[in-house]
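Take a look at the structure below.
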Amino acid sequence: QVQLVESGGDLVQPGGSLRLSCAVSGIHFNIYAMGWYRQAPGKQRELVAAISSGGIITSYADSVKGRFTISRDNAKNTVYLQMNNLNPEDTAVYYCKADTIWSRLTDPGRYDNWGQGTQVTVSS
């Protein structure tokens, strides 16, 4: 059974940076595309970034392009989200998800079970 453990969230000032990690177990990590999502209070969960199984293809939400970078280390079964120039609108709980089919990652509503996520708060 797949296990996804998100970490790295924190309280950070506007303009600051954080790196989130998602440790994955229970699956053959290197055949799964990975996505990072976030959910702010009162808002729907949204896809922030995605990366293909081999790490060659990446995709970003318009709101984070140029500020966030998704990467993965298949030897460590871990996917990362480097977040730079954070602003208060980035405040949310961040989650990761694995799927063998890239296109399914674009619809967070298809997934029933989510991990505990990691809280990112951007505030002065």
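All of 33, 40 fail the test of being surrounded by fewer than 17 Cβ atoms within 10 Å (Cβ to Cβ), in contact (Cβ under 8 Å) with a residue 24 or more places away in the chain and over 10 Å from the mean Cα position of the chain (by Cα), apart from 40. Restricting to segment 1-55, what's the tally of residues that are more than 28 Å from residue 123 (Cβ to Cβ) and small (Gly, Ala, Ser)? Qualifying residue count, segment 1-55: 7. Sub-7 Å Cβ pairs linking a first residue in segment 98-121 that is closer than 24 Å to residue 54 by Cα and assigned to a helix (DSSP H, G or I) to a second residue that is among the hydroxyl-bearing types (Ser, Thr, Tyr) and open to solvent by less than 70 Å² (accessible area, probe 1.4 Å), at least 6 apart or interchain, are 102/52; 108/37, ordered by first then second residue. In this structure, is residue 69 open to solvent by 50 Å² or more (accessible area, probe 1.4 Å) and within 16 Å of residue 97 (Cβ to Cβ)? So residue 69 fails the test. Consider segment 111-124 and keep the residues that are among the β-branched types (Val, Ile, Thr) and within 15 Å of residue 6 (Cβ to Cβ). The one that is most open to solvent (accessible area, probe 1.4 Å) is 121.
Taking residue 108 as the residue in question, decide whether it is modelled with pLDDT under 95 and either surrounded by 12 or more Cβ atoms within 10 Å (Cβ to Cβ) or among the hydroxyl-bearing types (Ser, Thr, Tyr) (or both). If you could, list the steps in order and put the result at the bottom.
Details: modelled with pLDDT under 95: yes; either surrounded by 12 or more Cβ atoms within 10 Å (Cβ to Cβ) or among the hydroxyl-bearing types (Ser, Thr, Tyr) (or both): yes.
Here the answer is yes, as residue 108 does meet what is asked.
Would you check if there is a residue in segment 74-92 being under 18 Å from residue 5 (Cβ atoms), in contact with a Cys (Cβ under 7 Å, 6 or more places away or on another chain) and open to solvent by 10 Å² or more (accessible area, probe 1.4 Å)? There is at least one residue in segment 74-92 that is under 18 Å from residue 5 (Cβ atoms), in contact with a Cys (Cβ under 7 Å, 6 or more places away or on another chain) and open to solvent by 10 Å² or more (accessible area, probe 1.4 Å).
The values are calculated or read from the model by the stated rules, or taken from the named source; none is laboratory data. Treat the numbers as computed from the prediction; the structure is a model and nothing was measured. Glycine gets a Cβ as well: all are built from the backbone with ideal geometry, and neighbour counts include every protein chain shown. Quick note on the areas: whole protein, heavy atoms, side chains included, nothing else; ligands and nucleic acids left out. Shrake-Rupley method; radii C 1.70, N 1.55, O 1.52, S 1.80 Å.
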